[in-house]
Amino acid sequence: MGSRASTLLRDEELEEIKKETGFSHSQITRLYSRFTSLDKGENGTLSREDFQRIPELAINPLGDRIINAFFSEGEDQVNFRGFMRTLAHFRPIEDNEKSKDVNGPEPLNSRSNKLHFAFRLYDLDKDDKISRDELLQVLRMMVGVNISDEQLGSIADRTIQEADQDGDSAISFTEFVKEPVTQGGYLPDLRCFYIQLNILNSGLGKNFYVDCSVRHPDSSSSSFPQ
């Protein structure tokens, strides 16, 4: 069995991750502990298979899409720094005020970056648009067999009709970021689905909630390891 000494965080690397992601020293340390426990190959990276062994992801209807978000195009491994960069999108926007650097790059958990991240979960073919089929796939994953295909199709059609401003029967990123105008509550706010993940619950006595939208339905229930 290989030693994990070579994969231990160096102080300078920890500081770089802290600056890049906005996580605190203690948060990074605890998340690193969870990362290493998931790293079954003990090589300092996680594979898709490592994520797929997590029960909470295995049963999550959007599990595959969440997993894919951790990997760059064409890559099948993610190191701890890449892992943390993805998780940084889920930090509450309010946390930016605590570590704001006016001369630094835009935070990974900025409103714009959160919206881009959520948009990519829908845009499977990466053509910068959400098609009716892509929207239907997500709706089916989220509701299972609780709604008929006819009802899902109606929801998808009305959602696109509501958002589509240029008449191309799809939702662009510009259209995606606009506030929904529907007041009746029957159309989904595409930005506002939120996913519970226990993958980072590292014995802290609390669940780890991931908010990949700009707004959170209950900000008091969203937490990172402190």
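Please treat every number below as a calculation from the coordinates, not as lab data. Note that the structure is a prediction, hence the values are computed from the model and not measured. Heads up, the Cβs are rebuilt from the backbone with ideal geometry, glycines too, and the neighbour counts pull from every protein chain shown.
Data overview
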{"quantity": "Potential extension, Ser26-Ser148 segment - 0.36 nm per residue separation minus Cα distance", "calculated": "39.3 nm"}
{"quantity": "Listed residue pairs exceeding 21 Å between alpha carbons, taken from Lys114/Lys178; Lys40/Lys126; Lys19/Lys40", "calculated": "Lys40/Lys126; Lys19/Lys40"}
{"quantity": "Linear extension gain, Leu8 paired with Arg111, 0.36 nm per residue minus alpha-carbon span", "calculated": "33.9 nm"}
{"quantity": "His25, His89, His116 arranged by Cβ crowding within 10 Å, fewest neighbours leading", "calculated": "His25, His116, His89"}
{"quantity": "Distance (nanometres) between label positions extended 7 Å along Cα→Cβ at Asp133 and Gln165", "calculated": "2.7"}
